[in-house]
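Read the structure below first, then the notes.
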Amino acid sequence: MNIRLRSKLPHVGTTIFTVMSRMASEHNAINLSQGYPDFDGPAPLKEALCRYINDGYNQYSPLAGILKLREQVAVKVKAFYNHNACPEENITVVPGATEAIFCAIQASVHPGDEVIVFDPAYDSYEPSIQLCGAKAIHIPLLPPDFKTDWQRVSDSITAKTRMIIINNPHNPTGTVWSEDDIKQLSRIIENTDILLLSDEVYEHLVYDNRPHLSILSFPELAKRAFVVSSFGKTYHVTGWKTGYCIAPQPLTSEFRKAHQFVSFVGVTPVQHALADFMEQYPEHCLELPHFYQEKRDLFVSKIASSKFRVSASSGTYFQLADYREISDLPDTAFVEYLTRTVGVAAIPISVFYETPPDSHLIRFCFCKENSTLMKAAEKLCAI
Ligand SMILES: Cc1ncc(COP(=O)(O)O)c(C=O)c1O
């Protein structure tokens, strides 16, 4: 007898990041698609990891993560956002922000609930919602400025709305929230019991001297929020898959129940190395905006003479580019052409929408060596 499995995620295929990275390597193209650096994390961080492995820190850590790392996270969020997080009650270290997102949703969303997501949306949100038997309500952020339509958010709230997922700074558009966005969100959810899941993995990548408006800085919002970040993004070690979630105690308690049965714990020596590095190099986070802004400016200036139209990204390490003057192809076909024929891989943004707008935009990733960015720009200018 043939065993048949009725898929719980029938519409999910291989992620676009995997598809484009594979295509980039098949065609030997410069990979500006998937969001990971082509340079290494800081030497003292790597040395600390080797030291901890050799010194025998290789067994399970506590469920919530090693205390030393949670203490460092508490110090950081106090310094950056004036938020008091208790390492014991509010902070959980997990293997990657993706797991934190999954656990926050599993812990709080029930069958039949609705969860508001903003498109283009990071691709893990919707499957995590569907696995709860809940429904994602998509609100599009539209070009050219991708501003949130707060009236539409307000109109989308129903008795079933359990959670709103926000992502600031935003992947893939590179937009960041203003004080007004925070005010509008606060007003809309004020007299409700709607939870927030705030994906802030690019919290330290905000440019042009703008501040990052973390949900943690706003007590009325923080009291109902899971705030998620990623050490992978902040310390250039995406392959270490380590992130954290900060939430009020009752939310953390439910979050940890889910985390307990997803991975149980994060990787022990990685946590020790990160804790040491955070303690010894607190300036790392302060230097990140300048570090990535230089890369953004280099990439944008080098493709200024191309036929792509760009408006410099305000945050994240992604840069959207409009290819309308080059081609009428849909973005999925255009990135294929770009990878195969031009030798630069990018990500189409239509795949992150439920209903894609009529646009000709693709996403380039600029967390790359300057030499990589210059080589890619040269190819893009030759089109
Ligand atoms: C918006 C967003 N959220 C979450 C993640 C996942 O982070 P991690 O690698 O720590 O799981 C990413 C990674 O690309 C991202 O872009």
Which of the lysines could a cross-linker span from LYS135 if the Cα-Cα distance has to be under 17 Å and same-chain partners fewer than 8 positions apart are dropped? LYS8, LYS160
quick note, region 147-250, DSSP beta bridge pairs, % antiparallel (nearest 5) is 30
Over all directions, how big on average is the projection of the convex hull of the alpha-carbon atoms in the chain, in square nanometres? 20.4
Under the definition of Cα pairs under 8 Å and six or more residues apart, what whole-number percent is the relative contact order of region 1-116? 14
What is the sum of charges around HIS360, taking Lys and Arg as +1, Asp and Glu as -1, for the other residues whose C-beta is under 12 Å from the C-beta of HIS360? -2
Hey, which lysines would be in cross-link range of LYS147, C-alpha to C-alpha under 19 Å, not counting anything within fewer than 8 residues on its own chain? LYS183
Using the Cα centre as the reference, give the magnitude of the dipole from point charges on the C-beta atoms of region 63-117 (Lys, Arg: +1; Asp, Glu: -1; all else neutral), rounded to the nearest 20 debye. 340
So what is the orientation-averaged projected area of region 1-119, using the convex hull of its C-alpha atoms, in nm²? 14.3
For the chain, calculated [θ]222 nm from helices alone, where every DSSP H run of n ≥ 4 adds -39500 (n - 2.57): -11500 deg cm²/dmol
Cα-centre dipole for region 233-363 with unit charges at Cβ (Lys and Arg positive, Asp and Glu negative), debye to 20: 180
For region 239-306: rounded, prolate or oblate by the Cα gyration tensor [a/c cutoff 1.5]: prolate
Magnitude of the Cβ-charge dipole of region 3-109, K/R +1 and D/E -1, about the Cα centre, nearest 20 debye? 380
Report the antiparallel proportion of the DSSP beta bridges in region 57-283 as a percent, rounded to a multiple of 5. 30
Relative contact order of the chain, pairs being alpha-carbon contacts under 8 Å that are 6 or more residues apart, as %: 26
VAL19 neighbourhood, Cβ < 12 Å, K/R = +1, D/E = -1, net charge -2
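In whole percent, what relative contact order does region 57-283 give with Cα contacts below 8 Å and a gap of six or more residues?
31
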Taking the C-alpha atoms of region 98-250, convex hull volume expressed per residue in Å³: 113
Candidates ILE303, ILE116, ILE182: whichever shows maximal mean-square fluctuation once the chain is modelled as a Gaussian network with Cα springs under 10 Å: ILE182
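Taken together, the values in this text are just the output of simple stated rules run on the coordinates, not laboratory data. Every value quoted in this text rests on a predicted model; they were computed, and no experiment measured them. Heads up, the Cβs are rebuilt from the backbone with ideal geometry, glycines too, and the neighbour counts pull from every protein chain shown.
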